[in-house]
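Shown next, in structure tokens, is the structure this report addresses.
The values are calculated or read from the model by the stated rules, or taken from the named source; none is laboratory data. Predicted model, so just to flag it, every value in this text is computed and none were measured. No Cβ is skipped: glycine too gets one built from the backbone with ideal geometry, and neighbour counts run over all protein chains shown. To get the accessible areas, we keep the full protein, side chains included, count just its heavy atoms, and leave off ligands, DNA and RNA. Shrake-Rupley method; radii C 1.70, N 1.55, O 1.52, S 1.80 Å.
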Amino acid sequence: MLELPGLIDPHVHVREPGQTHKEDWDTVTQAALAGGVTTILAMPNTKPPIFDASTLDLALNAAKSKARCDYAQFLGAGPDNADTAAALAPQTAGLKMYLDSTFGELRLDDMTLWMPHFEKFPKDYPIVLHSESRTMAAGILFAAVYDRPIHIAHVSLKEEILLIKAAKERGIKVTCEVCPHHLFLTADSSSLTLGEGRRGEGRREVRPRLAGKEDVEALWQNLDVIDCFATDHAPHTLAEKDSDNPPPGFPGLETLLPLLLIAVDDGRLTIDDVIKRLHTNPRRIFNIPEQPETWIEVDETAEYEIKAADQFTRCGWTPFDGWKVKGKVRKVVLRGQVAFEDGKVLAEQGYGRNVRGLES
Ligand code: NCD
Ligand code: ZN
């Protein structure tokens, strides 16, 4: 049995408020615990998006009554909330900026709207960028110009990882995360478990898109540049994925560790590499306090097939359905209590704590 610290996933779409038919604070934290994750950082692109005190309250109240593992909530950067965001920073996981995707109230049409956020958001709270390719390069230039740390979400391209490497070598304060689906799947992966025809196409949709073989290889070759692994757990129902207008996103909390353990098994990663990127580094980058008496037990010899039906996520599917993996989370102890054991979630709703420590 392997004993690991409680894992931290800094990139999770909880869907509450507003889209609880996909997921909510209860089901997402069940999925987290089943995956060995004891802390999640929640993204702000809910309905409504989380961008001020009252919407932050909406999310945190739901989390407080329903979460079974620990958490914090990101605030979204909008066109006119830089002062509000800066004032709320201590109550948040950090600031999430969507730099090149249009997203309702979180839309930042041009760089003049980035500037007040970079000027005002406190430097000891993270700014996380959804920024791909050349927009990512612009984000790194902002980090240099404003001399403050940024964290790049879901890096997927060779050009991205190489530029981050070069920026780090020059002392720019940039960290980054990579998702398992960008390490294990390419745009033409036949191993991707999908429906036929239109179904397959919808289920393949994710942002950033699955990349080419050369990109995936570049990520593996530059592991030392990757600070964190993060799921970008983005649940949508199968009916939505198979519709004419399929939303992008994969669930990921329950497949995170078994996928990475494939790479440990074949020698591409060590267990220490995994601990560093799923615990030590995210703790440092996102200022997450230590969880006392917290660990997970993983049976590294257990071989099994990933099955959508076994998952706790409400979305009801996984692109890794049918994959044969080795390594199963047997037990999760969170702050002295057994929170998950042998397939059962034991932590109650409301057991989870806001790691920003504001709840009474
Ligand atoms: C995200 C989601 O579903 O919220 N989807 C995704 O593919 N990562 C939205 C997004 O980040 O574009
Ligand atoms: Zn995301």
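Please go through the range 16-30 and give me each residue that is within 15 Å of ligand 2 (Cβ to nearest atom) and surrounded by 24 or more Cβ atoms within 10 Å (Cβ to Cβ), ordered by number.
22, 23, 28
Which one of these does residue 127 not meet: (1) over 19 Å from residue 41 (Cα atoms); (2) in contact with a Leu (Cβ under 7 Å, 6 or more places away or on another chain); (3) hydrophobic (A, V, I, L, M, F, W, C)?
Tallying (1) over 19 Å from residue 41 (Cα atoms); (2) in contact with a Leu (Cβ under 7 Å, 6 or more places away or on another chain); (3) hydrophobic (A, V, I, L, M, F, W, C), residue 127 fails exactly one: (1).
Please go through the range 126-156 and pick out each residue that is under 11 Å from residue 96 (Cα atoms), over 15 Å from the mean Cα position of the chain (by Cα) and in contact (Cβ under 8 Å) with a residue 60 or more places away in the chain.
If we filter the range 126-156 for residues that are under 11 Å from residue 96 (Cα atoms), which is where we start, we get 126-131, 150-153.
From what's left, over 15 Å from the mean Cα position of the chain (by Cα): 150.
Across the range 126-156, there are no qualifying residues.
Find the residue count for the range 48-87, including only residues that are among the aliphatic types (A, V, I, L, M) and farther than 25 Å from residue 26 by Cβ. Spell out the reasoning first.
Within the range 48-87, the subset among the aliphatic types (A, V, I, L, M) is 50, 53, 56, 58-60, 62-63, 67, 72, 75, 77, 82, 85-87.
Narrowing further to those that are farther than 25 Å from residue 26 by Cβ: 77, 82, 85-87.
Summing the residues that are among the aliphatic types (A, V, I, L, M) and farther than 25 Å from residue 26 by Cβ in the range 48-87 gives 5.
Residues to consider are 141, 106, 185, 99; find the one that is under 21 Å from residue 13 (Cβ atoms) and open to solvent by 10 Å² or more (accessible area, probe 1.4 Å).
On the way: 141 fails: under 21 Å from residue 13 (Cβ atoms); 106 fails: open to solvent by 10 Å² or more (accessible area, probe 1.4 Å); 185 fails: open to solvent by 10 Å² or more (accessible area, probe 1.4 Å).
One residue alone meets the criteria, 99.
Give the residue that is most open to solvent (accessible area, probe 1.4 Å), with candidates limited to residues of the range 42-58 that are more than 14 Å from ligand 1 (Cβ to nearest atom) and either among the small types (Gly, Ala, Ser) or within 20 Å of residue 228 (Cα to Cα) (or both).
54
Have a look at 317, 295 and point out the one that is within 15 Å of residue 3 (Cα to Cα) and among the aromatic types (Phe, Trp, Tyr).
Details: 317 fails: within 15 Å of residue 3 (Cα to Cα).
Going through 317, 295 in turn, just one is within 15 Å of residue 3 (Cα to Cα) and among the aromatic types (Phe, Trp, Tyr): 295.
May I ask you to list the residues in the range 31-45 that are within 12 Å of ligand 2 (Cβ to nearest atom) and assigned to a loop (DSSP other than H, G, I, E, B)?
Selection gives 43, 44, 45.
Assess whether residue 276 counts as being within 22 Å of the chain's Cα centre (by Cα) and more than 22 Å from residue 68 (Cα to Cα). Reasoning before the result, please.
Numbers: within 22 Å of the chain's Cα centre (by Cα): yes; more than 22 Å from residue 68 (Cα to Cα): yes.
Taking the combined requirement at face value, the residue satisfies it.
Name the residue, out of 280, 301, 313, that is polar (S, T, N, Q) and under 20 Å from residue 235 (Cβ atoms). Show your work before the answer.
Details: 280 fails: under 20 Å from residue 235 (Cβ atoms); 301 fails: under 20 Å from residue 235 (Cβ atoms).
Sole residue among the options that is polar (S, T, N, Q) and under 20 Å from residue 235 (Cβ atoms): 313.
Can you tell me which residue among 223, 257 is open to solvent by 20 Å² or more (accessible area, probe 1.4 Å), away from ligand 2 (no atom under 16 Å from the Cβ) and not polar (S, T, N, Q)? Write out each step before concluding.
Numbers: 257 fails: open to solvent by 20 Å² or more (accessible area, probe 1.4 Å).
223 is the lone residue from the list that is open to solvent by 20 Å² or more (accessible area, probe 1.4 Å), away from ligand 2 (no atom under 16 Å from the Cβ) and not polar (S, T, N, Q).
Taking residue 322, is it modelled with pLDDT under 95 and surrounded by fewer than 16 Cβ atoms within 10 Å (Cβ to Cβ)? I'd like the intermediate steps shown before the answer.
Values: modelled with pLDDT under 95: yes; surrounded by fewer than 16 Cβ atoms within 10 Å (Cβ to Cβ): yes.
When the stated conditions are applied, residue 322 passes them.
Mind checking which residues of the range 59-97 are of a type in the set (A, V, I, L, M, F, W, C) and within 16 Å of ligand 1 (Cβ to nearest atom)? It would help to see each step written out before you state the result.
Residues of the range 59-97 of a type in the set (A, V, I, L, M, F, W, C): 59-60, 62-63, 67, 69, 72, 74-75, 77, 82, 85-89, 93, 95, 97.
Selection gives 59, 74, 75, 77, 93, 95, 97.
Can you pull out the residues in the range 318-338 that are touching a Lys or Arg at 6+ places or on another chain (Cβ under 7 Å) and in contact (Cβ under 8 Å) with a residue 24 or more places away in the chain?
Filtering the range 318-338 for residues touching a Lys or Arg at 6+ places or on another chain (Cβ under 7 Å) gives 319, 321, 338.
Passing the criteria: 319, 321.
In the set 65, 101, which member is in a loop (DSSP other than H, G, I, E, B) and of a type in the set (S, T, N, Q)? Explain how you work it out, then say what you get.
Values: 65 fails: in a loop (DSSP other than H, G, I, E, B).
None of the others qualify; the one that does is 101.
Please work out which residue is farthest from residue 69 (Cα to Cα), limiting yourself to the range 297-316 and to residues that are part of a loop (DSSP other than H, G, I, E, B) and open to solvent by 40 Å² or more (accessible area, probe 1.4 Å). Walk me through it before giving the result.
First, the residues of the range 297-316 that are part of a loop (DSSP other than H, G, I, E, B): 306-307, 311-316.
Narrowing further to those that are open to solvent by 40 Å² or more (accessible area, probe 1.4 Å): 307, 312, 314, 316.
Working: 307: 23, 312: 14, 314: 17, 316: 21 Å.
The extreme case among them is 307.
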